[in-house]
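Colleague: Following this message is one structure expressed as structure tokens.
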Amino acid sequence: SFIGEESVAAGEGSILTDNPTWIIDPIDGTTNFVHRFPFVAVSIGFVVNKKIEFGIVYSCIEDKMYTARKGKGAFCNGQKLQVSGQEDITKSLLVTELGSNRDPETITIILSNMERLLSIPIHG
């Protein structure tokens, strides 16, 4: 099976089943792409029994290929990635994305979550 982000965003229905399924977003970061903001990628995932088996993200502008496979780790251009090990949230950098849904209920939830996050003494 195939699930394409662009077709789902256009209103086509999609149901994830237990069948092996490719999930593809050919322009991941569409809003960035439209505004020429250089964070755009092609994202591909493969799911079996509703569980991700592997994923590939190609950051076109940076020419970086991110890959990850269940139980095998994550890589960037073949080099193994790992988390920083930082356990103190006050020494962390917060990065967020607000999404595209502008329904009042969704905005209220997002802003409430942001308020809780911003009350933590983080770097930025």
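Colleague: Would you check if there is a residue in region 63-84 being within 26 Å of residue 114 (Cβ to Cβ), more than 17 Å from the chain's Cα centre (by Cα) and among the small types (Gly, Ala, Ser)?
Modeller: yes
Colleague: Open to solvent by 80 Å² or more (accessible area, probe 1.4 Å) and in contact with a His (Cβ under 6 Å, 6 or more places away or on another chain): which single residue out of 111, 93 fits that description?
Modeller: Criteria check complete, one pass: 93.
Colleague: With the checklist (1) open to solvent by 70 Å² or more (accessible area, probe 1.4 Å); (2) aliphatic (A, V, I, L, M); (3) within 18 Å of residue 100 (Cα to Cα) in hand, flag the one item residue 61 doesn't pass.
Modeller: (3)
Colleague: Would you say residue 49 is exposed (fewer than 15 other Cβ atoms within 10 Å of the Cβ), within 27 Å of residue 1 (Cα to Cα) and at pLDDT 95 or above?
Modeller: The answer is yes for residue 49.
Colleague: Are any residues in region 33-46 open to solvent by 50 Å² or more (accessible area, probe 1.4 Å) and part of a loop (DSSP other than H, G, I, E, B), and if so, which ones?
Modeller: The answer is 35, 36, 37, 38, 39.
Colleague: Still on this structure, I have one more. Can you confirm whether region 24-32 contains a residue that is open to solvent by less than 90 Å² (accessible area, probe 1.4 Å), in contact (Cβ under 8 Å) with a residue 24 or more places away in the chain, assigned to a loop (DSSP other than H, G, I, E, B) and assigned by the TED database to the domain that holds residue 1?
Modeller: Checking region 24-32: not a single residue is open to solvent by less than 90 Å² (accessible area, probe 1.4 Å), in contact (Cβ under 8 Å) with a residue 24 or more places away in the chain, assigned to a loop (DSSP other than H, G, I, E, B) and assigned by the TED database to the domain that holds residue 1.
Colleague: Next question. Please go through region 31-57 and give me each residue that is out of contact with any Ser or Thr (no Cβ under 9 Å at 6 or more places or on another chain) and β-branched (Val, Ile, Thr), ordered by number.
Modeller: Hits for region 31-57 are 34, 44, 52.
Colleague: Consider region 47-73. How many of its residues are in contact with a Phe, Trp or Tyr (Cβ under 7 Å, 6 or more places away or on another chain) and not in a strand (DSSP E or B)?
Modeller: Residues meeting the conditions: 1.
Colleague: Separate question: Inside region 74-89, can you point out the residues that are exposed (fewer than 10 other Cβ atoms within 10 Å of the Cβ) and either at pLDDT below 85 or assigned to a loop (DSSP other than H, G, I, E, B) (or both)?
Modeller: If the condition is that a residue be exposed (fewer than 10 other Cβ atoms within 10 Å of the Cβ) and either at pLDDT below 85 or assigned to a loop (DSSP other than H, G, I, E, B) (or both), then 78, 82, 83, 84, 85, 87, 88 are the ones that fit.
Colleague: Suppose we filter 55, 78 for residues that are over 30 Å from residue 17 (Cβ atoms), assigned by the TED database to the domain that holds residue 25 and out of contact with any helix residue (DSSP H, G or I) (no Cβ under 6 Å at 6 or more places or on another chain); which single one remains?
Modeller: Testing whether each residue is over 30 Å from residue 17 (Cβ atoms), assigned by the TED database to the domain that holds residue 25 and out of contact with any helix residue (DSSP H, G or I) (no Cβ under 6 Å at 6 or more places or on another chain) leaves just 78.
The values are calculated or read from the model by the stated rules, or taken from the named source; none is laboratory data. Keep in mind that what you see is a predicted model, and the values were worked out from it rather than measured. All Cβ positions, glycine included, derive from the backbone under ideal geometry; neighbour counts span all protein chains shown. Surface accessibility is based on the protein's heavy atoms, side chains included, excluding ligands, DNA and RNA. Shrake-Rupley method; radii C 1.70, N 1.55, O 1.52, S 1.80 Å.
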